[in-house]
Amino acid sequence: VVTQVGVSQGHNMCPDPGIPERGKRIGNDFRLGSSIQFTCNEGYDLQGSKSITCKRVSDIIVAWSDHRPVCRARMCDTYLRGPSGVITSPNYPVQYDNNAYCVWVITALNPAKVIKLTFEEFELERGYDTLTVGDGGQVGDQKTVLYVLTGTTVPDLIVSTHHQMWLLFQTDSVSNLLGFKATYEEIDQGSCGDPGIPAYGRREGATFRHGDSLKFECQPAFELKGQKTITCQKSSQWSAQKPVCVFSCFFNFTTPSGIVLSPNYPEEYGSSLHCVWLIIAKPESRIHLAFNDFDVEPQFDFLAVKDGGTAESPVLGTFSGNQIPSSLTSSGHVARLEFQTDHSMEKRGFNITFTTFRHNECPDPGVPVNGKRFGDSLQLGSSVSFLCDEGFIRTHGSETITCILKEGNVVWNNAVLRCEAPCGGHLTSPSGTILSPGWPGFYKDSLSCAWVIEAQPGYPIKITFDRFKTEVNYDTLEVRDGRSYSSPLIGIYDGTQVPQFLISTSNYLYLLFTTDKSHSDIGFQIRYETVKLQSDHCLDPGIPVNGQRHGNDFYVGALVTFSCDSGYTLSDSEALECEPNFQWSRPLPSCEALCGGYIRGSSGTILSPGFPDFYPNNLNCTWTIETSHGKG
């Protein structure tokens, strides 16, 4: 039997472990007890053991002590200088690579300063992929480690005690996620840095020197979770994270405007809740409720809005599920909201804006979610206009509304604009954004959305994946090189495995997004643009996910080929040729982990289908492995 570790049965010699691609092997003695070493070419880092030894693992079996290492291209900047900058995981905002090993050393321009690090986004495979942050310039020195970060939880900020800080990013060979984006800047020594102010909160104190304390409190209707007071310690770290402000389950509002949130919004609300909020306006006023976001468990969790202050008041509406309700207006100066949940599934909840208005005014229409408003007057006869953000279209309401007198009531003459990400469309602008339906929330079930991007003749189209995350194996995005479903397939993408960009060979690109009836996710944010062909060469064709490109000459007549990481199979082995029209002869191929196959060689890798994402259901895969005659 031969495996990737290197096992031989029946004699005292291990099989040839091979030589790492882009590396060297030192030693050719494979007998029991012998060791060999590995190094990498300039510009590449060794991932795995530098030395492996041929050992006996049973009476008849000998094996190498570890896998043959691999040589990975350095994917990260090594030395960074202040006064400020940004650090991201490789490929961000697309998923990082497996077996990554990245080092950054940040040095302040002023030796009297220290480094402050804050995270804008952080998502690593919990327990397996880590970002270690250390104090000083000695990377890996355990005595200087400040934090080992994994999962999604990070401190508000990290401050060094010296003018240098080091970061070490390591990932395993299995799952990969979004990664991280961090900013750094120089600050004065003896400081813990500004931890910020909680959303919906206030802070007392504006100095962050050693020994200084900060006190926090929340706005009305919010409860403080965490430490009310934190102190800057001599280690330049705060004694605790800054607290958070969580919306209360019971409150009486008497302000002319405000917000009502489900507890813990936008995170999951709790189970077995029974929350009651009263909005009490001046006697001559009425109350307008505008729903900005709504997502509660269908049929079992619900929000009831009542036209009055008691439990017996008339019901204006009862809402459940994830459809955003239309706005509501009370007939009097009091409204009651009741939110009830069961003991099981929890969702994102809701965000509601309330305003009070006099009888000779129209209610404040608010600002559309995913849109903008122009105009602030609410008086009789005045108008306001709306515009959807890029990537969203009008699905309800009007772009302009006017305050009118109708049947004795002062009302808007039309509904407020609603902006949503469309399910498909024909796009002809030179650039734009494509969003999964439901963005920035989760997409819906049972979708089949097709987009056709059309450019001017002679101009290919480039799409860039800013965000991509779908249910593995079941919710897919197909990209085709043309105007229809019958056009050549470029790739089918799911999970988080997408290239950074794709370029068409014609002036059309076809995208088809399909989802099943069960689980959903955040979906995608894709930028598209038409690109001008170069006068002497083709555009960069890109590199397949889990693969490599061979050749960096993009001039007419040049050929580039591709290969895949161990365990993956190339979808199309034909070389790409830069043709006289300065376009590639075929689309970029993909690297896929297949179900079963015939494997020949002294070593290799077998991956479950779809790896590193989840494998599909109902598989029956068989692999046949053949080694050289006489080997076992």
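The values are calculated or read from the model by the stated rules, or taken from the named source; none is laboratory data. All values derive from a computational prediction rather than experimental measurement. Cβ placement follows ideal geometry from the backbone for every residue including glycine, while neighbour counts extend to all protein chains displayed.
Please find, within region 346-369, the residue that is surrounded by the fewest Cβ atoms within 10 Å (Cβ to Cβ) out of those that are free of Cβ contacts under 8 Å to residues at least 60 places away in the same chain and under 27 Å from the mean Cα position of the chain (by Cα). Applying the filter and picking the extreme gives Val367. Here is the figure for region 457-485: residues that are assigned to a loop (DSSP other than H, G, I, E, B), on the phi < 0 side of the Ramachandran plot and among the polar types (S, T, N, Q) total 2. Report, by residue number, each residue of region 375-395 that is touching a residue at least 40 places away in the same chain (Cβ under 8 Å) and surrounded by 13 or more Cβ atoms within 10 Å (Cβ to Cβ). Residues satisfying the conditions are Gly391, Phe392. Looking at Phe180, Phe169, just one residue is in contact with a Cys (Cβ under 6 Å, 6 or more places away or on another chain) and under 30 Å from Gly48 (Cα atoms), and that residue is Phe169. Regarding Lys372, is this residue within 24 Å of Tyr265 (Cα to Cα), buried (at least 18 other Cβ atoms within 10 Å of the Cβ) and assigned by TED's automatic domain parsing to the domain that holds Val411? In short, no.
Within region 20-40, the residues that satisfy the criterion of being assigned to a loop (DSSP other than H, G, I, E, B) and in contact (Cβ under 8 Å) with a residue 24 or more places away in the chain are Pro20, Glu21, Arg22, Phe30, Leu32. For Phe253, the conditions (1) over 30 Å from Cys362 (Cβ atoms); (2) modelled with pLDDT of 95 or more are fulfilled apart from (1).
Taking the residues in region 83-105 that are under 13 Å from the mean Cα position of the chain (by Cα) and part of a loop (DSSP other than H, G, I, E, B) as candidates, determine which candidate is surrounded by the fewest Cβ atoms within 10 Å (Cβ to Cβ).
Within region 83-105, the match that is surrounded by the fewest Cβ atoms within 10 Å (Cβ to Cβ) is Tyr92.
Counting only strands (runs of 3 or more DSSP E) wholly contained in region 226-345, the ones carrying 2 or more residues that are closer than 30 Å to Asp188 by Cα and more than 28 Å from the chain's Cα centre (by Cα) occupy 229-231. Scanning region 216-227 for residues that are touching a Lys or Arg at 6+ places or on another chain (Cβ under 6 Å) and within 17 Å of Asp156 (Cβ to Cβ) gives a single hit, Phe216.
Determine, yes or no, whether Leu109 is modelled with pLDDT of 90 or more, in a strand (DSSP E or B) and not assigned by TED's automatic domain parsing to the domain that holds Gln500.
no
Counted as qualifying within region 121-177 are the strands (runs of 3 or more DSSP E) with 3 or more residues that are surrounded by 19 or more Cβ atoms within 10 Å (Cβ to Cβ), namely 130-135, 164-170. Of everything listed in (1) at pLDDT below 95; (2) under 21 Å from Ser326 (Cα atoms); (3) not polar (S, T, N, Q), the single unmet condition for Leu380 is (2). Of note, Lys282 satisfies the criterion of being in the same structural domain as Gly371 (by TED's automatic domain parsing), on the phi < 0 side of the Ramachandran plot and either surrounded by fewer than 19 Cβ atoms within 10 Å (Cβ to Cβ) or modelled with pLDDT under 90 (or both). Kindly check whether there is at least one residue in region 229-240 that is of a type in the set (S, T, N, Q), modelled with pLDDT of 95 or more and over 30 Å from Val334 (Cα atoms). Checked region 229-240: at least one residue is of a type in the set (S, T, N, Q), modelled with pLDDT of 95 or more and over 30 Å from Val334 (Cα atoms).
Conditions tested, residue by residue: (1) under 30 Å from Asn91 (Cβ atoms); (2) of a type outside the set (Asp, Glu).
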residue: Ala112; (1), (2): no, yes
residue: Glu123; (1), (2): yes, no
residue: Gly136; (1), (2): yes, yes
residue: Thr152; (1), (2): yes, yes
residue: Leu157; (1), (2): yes, yes
residue: Lys181; (1), (2): yes, yes
residue: Arg209; (1), (2): no, yes
residue: Leu214; (1), (2): no, yes
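Regarding Asp156, is this residue in contact with a strand residue (DSSP E or B) (Cβ under 9 Å, 6 or more places away or on another chain), among the charged types (D, E, K, R) and at pLDDT below 90? Yes, satisfied. Selection of strands (runs of 3 or more DSSP E) fully inside region 499-594 by the criterion of at least 1 residues being buried (at least 19 other Cβ atoms within 10 Å of the Cβ) and of a type in the set (Ser, Thr, Tyr) returns 508-514, 523-530.
Any idea which residue in region 193-208 is surrounded by the fewest Cβ atoms within 10 Å (Cβ to Cβ), counting only those that are more than 29 Å from the chain's Cα centre (by Cα) and part of a loop (DSSP other than H, G, I, E, B)? Looking at residues that are more than 29 Å from the chain's Cα centre (by Cα) and part of a loop (DSSP other than H, G, I, E, B), I get Ala206. Considering region 522-557, and only residues there that are small (Gly, Ala, Ser) and at pLDDT below 80, the residue that is farthest from the chain's Cα centre (by Cα) turns out to be Ser535.
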